[in-house]
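Take a look at the structure below.
Values quoted throughout were computed directly from the atomic coordinates according to the rules given, and no laboratory measurement underlies them. Quick caveat: nothing in here was measured; it's all calculated off a predicted structure. Glycine gets a Cβ as well: all are built from the backbone with ideal geometry, and neighbour counts include every protein chain shown.
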Amino acid sequence: MGKDKAPDEIGGRKVVPAARRNEAARSFFRELDAYFDGTLKEFRQAVRFLRGTDFERRVWDALKEIPYGETRTYGWMADRVGSPGAARAAGRALGRNPLPILIPCHRVIGADGSLTGFSCGVEIKKWLLEHEQQGRREK
């Protein structure tokens, strides 16, 4: 996958499906297109989690605080949600993120800087981080 081209699929799902059925979906897909074009740095779509434990929802909410093009560690994430020492639990919550990219779990990395798990695959995580780094440099 080239650096200048958005992936066609993420986790086996089409990134932009042909059918854009309602205005909320069309708005989301416009934002997703702009993200992959490099013109959108922060999604404006409101997200309300209907599933997940209280801990998972706190982790997912905290993800939105990580700026575009930056990363944080699993340990930071655990501390941020008030559970110091729960880096592995934070990682499990990230793995259950229902909206990768929109809720940017790809911005969380290992304490040693390693690109660890991502529900869509580590190669996609690497691509997303490189895409955002390039966008920050072009500011």
Original post:
Which shape class, rounded, prolate or oblate, goes with segment 95-139 when its Cα gyration tensor gives a ≥ b ≥ c as root eigenvalues, a/c under 1.5 marks rounded, and past that a/b bigger than b/c marks prolate?
Top reply: oblate
Original post:
When a footprinting reagent is the concern and you count Cβ atoms within 10 Å, what order do L32, L63 take, fewest first?
Top reply: L32, L63
**OP:** Rounded to whole Å and ordered largest first, report the semi-axes of the equivalent ellipsoid of segment 54-137 derived from its Cα gyration tensor (root of 5λ).
**Re:** 19, 13, 12
**OP:** Multiply the residue gap between R26 and D61 by 0.36 nm, knock off their C-alpha separation, and tell me the result in nm, one decimal place.
**Re:** 10.3 nm
Original post:
If amide H atoms are built 1.01 Å from N in the plane of the peptide, which residues on other chains or at least 5 residues away come under 5 Å of the amide H of V108?
Top reply: R72
**OP:** Over segment 54-137, calculate the relative contact order: mean separation of alpha carbon pairs under 8 Å at least 6 apart, over the residue count, as a percent.
**Re:** 32 percent
